[in-house]
1. Send over the Kirkwood Rh of the chain, from the inverse of the averaged 1/r over different Cα pairs, rounded to one decimal Å.
2. Take the Cβ-Cβ distance between LYS2 and ASP70 as r, set R0 to 35 Å, and report the resulting FRET efficiency rounded to the nearest 0.05.
3. Sort 386-397, 102-113, 135-146, 218-229 for me by packing, meaning the mean count of neighbouring Cβ atoms within 10 Å per residue, highest on top.
4. One-quarter of the Cα convex hull surface for the range 261-322, in nm²?
5. With the Cα gyration tensor of the range 161-271 in hand, give its eigenvalues times 5 under a square root as the equivalent ellipsoid semi-axes, listed largest first in whole angstrom.
6. With a/c under 1.5 counting as rounded, go ahead and sort the range 253-360 into rounded, prolate or oblate using the C-alpha gyration tensor (a ≥ b ≥ c being the square roots of the eigenvalues; past the cut-off, prolate if a/b is larger than b/c, else oblate).
7. If you roll a 1.4 Å probe over the heavy atoms of the protein chains, what accessible area per residue do you get for the chain, in Å²?
8. Would you list LEU8, LEU291 from the most to the least accessible area, probe 1.4 Å?
Amino acid sequence: MKSLIEELVVEGKGIVRLTPTWVPRSFCRPGKRMKLHQDDLYVLGLQRGGINERWFSSTTHAENGPDTPDDEGLSYVVSADGSTKVLLKDVVNELKGQFIGEDLWNKYKCWPVYSKLFDNLGPLPHHIHHDDEAAARVGQKGKPEMYFYPSQLNNHGGEFPYTFFGINPGVEKEQIKESLMNFSKGDNKITDLSRAFRLTLDTGWDVPPGVLHAPGSLCTYEPQFASDVYAMYQSVLHGDHAVPEELLWKDTPEEEVGNYDYLMSIIDWEKNIDPNFYETNFMAPKPVFPLKEMEAEGYVEEWICYKSKVASAKRLTVFPGQTVTIKDSAAYGLYMLQGYGKIGDVWKLETPACIRYGQLTNDEFFVTEPAAKAGVTITNTSETEPIVMLKHFAENNDLKL
């Protein structure tokens with residue numbers, strides 16, 4: 001007899017539908033570009049903050065302080081009629097390699113990545129994500145992440161569509177340490193020691209652990225390793241928005257709180273001062289196959305995040321009126337940016353214009369490894385509009401770094 005979880009996977013023939021997963025941040029202001037109804041941006045209460053993130057195919061809990069619900073940040077698999085839902089995390093734990101692939105399960109014992117939309121009106125503080133060694137001290141995993149700026153979700157650029165990356169070559173470590181020690185005294189001016197890059201739609205960046213970065217105000221698609229570890233190193237933002245000092249010490253072991261040398265140790269100095277940072281970390285889309293071959297078959301697929309070994313992403317465009325079958329070597333989560341049609345034998349694809357909090361959609365799915373390898377058939381039923389979807393992977397042998 002099949003379990004409920006097995007029935008959900010069989011129902012979708014290896015493709016499962018996911019519920020929208022909304023995440024608030026107390027230190028952020030929503031940019032209003034994720035299609036969440038504006039009346040619902042603060043539906044979780046002002047003390048929790050506005051909703052400015054949507055997480056995709058996530059088995060990772062959002063670390064949002066003591067008031068955080070147990071399932072915040074976690075995706076749910078939902079049945080076709082909407083009557084049944086179970087955590088994606090529970091599906092992975094029960095089906096293991098049958099769902100995400102044996103190699104991935106044997107290595108990580110979990111689905112080790114997720115992606116998100118980050119939609120903030122202004123920039124984030126110059127901050128850092130810990131590597132595996134530092135994150136392990138607080139019971140977490142290191143966090144490499146990548147950025148991509150979809151044109152479909154950026155009808156405006158927000159207040160500051162520029163991102164600071166790294167540290168200017170020639171800056172001394174003592175200058176950074178002094179800036180951190182001045183955190184509670186006002187503007188610690190750490191971005192004076194960095195450099196900003198103008199953000200370009202439909203391109204992206206690779207951000208390894210240990211690299212300081214102050215993300216700009218474009219709505220951003222972010223594939224990343226399954227972790228929510230970080231620390232904020234900037235005290236006052238563009239527009240004079242202050243950052244609580246507790247975030248400087250977030251994910252610092254209790255015995256290291258107050259130790260500025262510890263904060264310095266999180267910084268990968270060589271990667272931050274790389275004089276070729278743009279060439280090393282910028283990502284423009286790369287076609288998966290020759291463009292003419294794909295266009296002749298009615299689609300274009302591109303790698304959009306491809307400089308990390310542990311997480312990657314593609315953009316798939318299916319032309320109006322076309323049906324294509326796409327094979328991948330790994331399981332993936334997908335999110336619809338544009339268009340409508342059908343995926344597989346069961347599911348409709350729809351890109352909503354506006355979503356109420358708690359409402360189900362047909363714009364997010366997870367494709368199991370067996371289904372991905374067999375090939376997923378996508379039909380664009382529009383005569384005029386392309387289907388555009390983003391697909392994020394963990395380790396994928398199709399990606400040749």
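1. Details: mean 1/r = 0.0461 Å⁻¹.
Final number for the Kirkwood radius of the chain is 21.7 Å.
2. Details: r = 27 Å, r/R0 = 0.77.
The formula returns an efficiency of 0.80 here.
3. Details: 386-397: 22.6, 102-113: 17.8, 135-146: 19.4, 218-229: 24.2.
In descending order of packing, they fall as 218-229, 386-397, 135-146, 102-113.
4. On the way: hull surface 25.5 nm².
Result: 6.4 nm².
5. Details: eigenvalues 101, 55, 44 Å².
Over the Cα atoms of the range 161-271, the ellipsoid semi-axes are 22, 17, 15 Å.
6. Working: a/c = 3.19, a/b = 1.73, b/c = 1.84.
It comes out oblate by the Cα gyration axes.
7. On the way: 16620 Å² over 401 residues.
Accessible area per residue: 41 Å².
8. Values: LEU8 10, LEU291 80 Å².
Listed by decreasing accessible area, they come as LEU291, LEU8.
The values are calculated or read from the model by the stated rules, or taken from the named source; none is laboratory data. Values in this document were obtained by computation on a predicted structure and should not be read as measured data. Positions of Cβ are generated from backbone atoms using ideal geometry, with glycine treated the same way; all protein chains shown enter the neighbour counts. Side chains included, ligands, DNA and RNA excluded: accessible areas come from the protein's heavy atoms. Shrake-Rupley method; radii C 1.70, N 1.55, O 1.52, S 1.80 Å.
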